[in-house]
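What follows is a single structure, written as structure tokens, with notes after it.
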Amino acid sequence: GGPSVIQAEVRALSDGSVFVVVADESAAARVEAIRRDFIANVSHELKTPIGSISLLAEAVMDGSDEPEMVRKFAGKMVRESTRLGALVTELIALSRLQGGETQLDHSVVEVDSVIGDVLNRTATIAEAAGVDVSVGGTEGLLITGDRTLLVTALTNLVDNAIHYSPAATPVSISRVSREGGVEISVTDRGTGIAAAHQERVFERFFRADPARSRNTGGTGLGLAIVKHVAANHGGEVTLFSRVGIGSTFTLKLPSTSGSPDAVTHKPVTR
Ligand code: ADP
């Protein structure tokens, strides 16, 4: 955290006694600073693609009669709009998760079917990047949770593993049962993350390498979403990484007996 702001005030009463009021405003001030920061970040993140789109549209309007150029600009506009759409979708998902508005579905979920969905969703980018995604560990594990959110979280991890790895290096997903829970990890042999950045990558909009993240169409929200999905399940996400060697992100989720009877109740909503 940042420096503490301690405010002290000396007050004198009419009877001549004096007392000192000390207030630690650090927590409230920090929350306010984070909120302001977040809004500034969101504005910036939204304005950048909007700015590009309008510049490109103007260039087209100003009448290049070269169909080649028009097509190229239109292609860029499509990419920027896609980014904008993804950003808005993720912002909404994140704000719901944070505000506790997301009603978590507590069903028995087959880990392998989550992984299957994630493999389908990432197949195109994996193929384009020439990255082979393999699956190892224990088959047939069950957890209690929200299937859609778990697919989203794991997709974000696999997406990153592919994006931040050179072509032809493998990515592996592993699922194991541990301490009454299930751990799903995603390992890459990519760029790795410096120790100084390892905590920060879970912050909204933090990017270790902004240029690279934008090139891959990254929103900077993927890991923040993973962190909140894990937390909402009573679990956590951990990171082990070495620069130049690779990274392992592990989603640790509390398990269930696997009996549907244990999970028929709906979670208490906040
Ligand atoms: P982004 O949209 O930028 O990928 P994320 O929240 O998913 O946003 O990730 C935040 C940052 O963490 C990334 O910009 C990148 O610097 C770093 N990062 C995430 N995953 C990996 C990985 N597997 N290998 C290396 N760096 C990663």
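The values are calculated or read from the model by the stated rules, or taken from the named source; none is laboratory data. Keep in mind that what you see is a predicted model, and the values were worked out from it rather than measured. Every residue, glycine as well, gets a Cβ built from its backbone with ideal geometry; the counts of neighbours run over all protein chains shown. Ligands, DNA and RNA are excluded from the accessible area calculation, which covers all protein heavy atoms including side chains. Shrake-Rupley method; radii C 1.70, N 1.55, O 1.52, S 1.80 Å.
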Note to self: Looking at V176, V171, V186, V201, can you tell me which residue is at pLDDT 95 or above and near the ligand (Cβ under 7 Å from one of its atoms)?
What the structure shows: V201
Next item on the list: Note down all Cβ pairs under 6 Å where the first residue falls in the stretch 149-166 and is within 20 Å of A211 (Cα to Cα) and more than 8 Å from the ligand (Cβ to nearest atom), the second is assigned to a helix (DSSP H, G or I) and open to solvent by 20 Å² or more (accessible area, probe 1.4 Å), and they're at least six residues apart or on different chains.
Entry: I162/I125; I162/A129
Next item on the list: Select from the stretch 33-54 the residues that are out of contact with any helix residue (DSSP H, G or I) (no Cβ under 9 Å at 6 or more places or on another chain) and surrounded by 14 or more Cβ atoms within 10 Å (Cβ to Cβ) and list them in ascending order.
Entry: F38, N41
Next item on the list: Please work out which one of (1) open to solvent by less than 60 Å² (accessible area, probe 1.4 Å); (2) part of a helix (DSSP H, G or I) is the condition R121 fails and give its number.
Entry: (1)
Next item on the list: Please work out which residue is nearest to the ligand (Cβ to nearest atom), limiting yourself to the stretch 212-234 and to residues that are surrounded by 19 or more Cβ atoms within 10 Å (Cβ to Cβ) and in a loop (DSSP other than H, G, I, E, B).
Entry: G218
Item checked: The one condition in (1) more than 22 Å from the chain's Cα centre (by Cα); (2) β-branched (V, I, T); (3) surrounded by 10 or more Cβ atoms within 10 Å (Cβ to Cβ) that V21 fails to fulfil -> (3)
Margin query: With the structure loaded, tell me whether R175 is basic (K, R) and surrounded by fewer than 20 Cβ atoms within 10 Å (Cβ to Cβ) or whether it fails that test.
Written below: no
Checklist line | strands (runs of 3 or more DSSP E) lying entirely in the stretch 125-211 (those with 2 or more residues that are out of contact with any strand residue (DSSP E or B) (no Cβ under 6 Å at 6 or more places or on another chain)) | finding: 171-178
